[in-house]
Amino acid sequence: MAFTNLEIAEHALTLEKHFWSRRRPPLHLRDKVREGQRFKDQSIELFYLRPAFQRPGESENSIAKIRYIRSGDRWRIFWKRANGNWYAYPLKPEVKTLAAALRVIDEDAAHCFFG
């Protein structure tokens, strides 16, 4: 079952409070680099939008994907490899809350999300 509108609103607030408020691009770059999130089914994908290299338009750079498992009331954390496929985060693939998932991504101990 996909997220409800109420759940999306709650998750957006959690994203702002626990992630984007710390990971937003610096002021001098905000006219060029923007943060974004996409809600699809039971997943949230986090990404940055920046100008495309040597062509018009924007390029989307994925940061992480977080999938809610309703049956287990858990959040699974994924990172995107250069081949374009999503893989479970090796150090902590599953957590209890969205805020905990965002902390894991922000800390990035395995350097999968931010290099």
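Taking the condition touching a Pro at 6+ places or on another chain (Cβ under 9 Å) and either of a type outside the set (S, T, Y) or more than 24 Å from E10 (Cα to Cα) (or both), does A82 pass? No: the conditions fail for A82.
Of the residues Y68, Y48, which single one is within 23 Å of C112 (Cβ to Cβ), at pLDDT 95 or above and hydroxyl-bearing (S, T, Y)? Of Y68, Y48, the one residue that is within 23 Å of C112 (Cβ to Cβ), at pLDDT 95 or above and hydroxyl-bearing (S, T, Y) is Y68.
Considering (1) without any contact (Cβ under 8 Å) to a residue 12 or more places away in the chain; (2) over 15 Å from the mean Cα position of the chain (by Cα); (3) part of a loop (DSSP other than H, G, I, E, B), the lone condition that G115 does not fulfil carries the number (2).
The values are calculated or read from the model by the stated rules, or taken from the named source; none is laboratory data. Treat the numbers as computed from the prediction; the structure is a model and nothing was measured. Cβ atoms come from the backbone with ideal geometry, glycine included; neighbour counts cover every protein chain shown.
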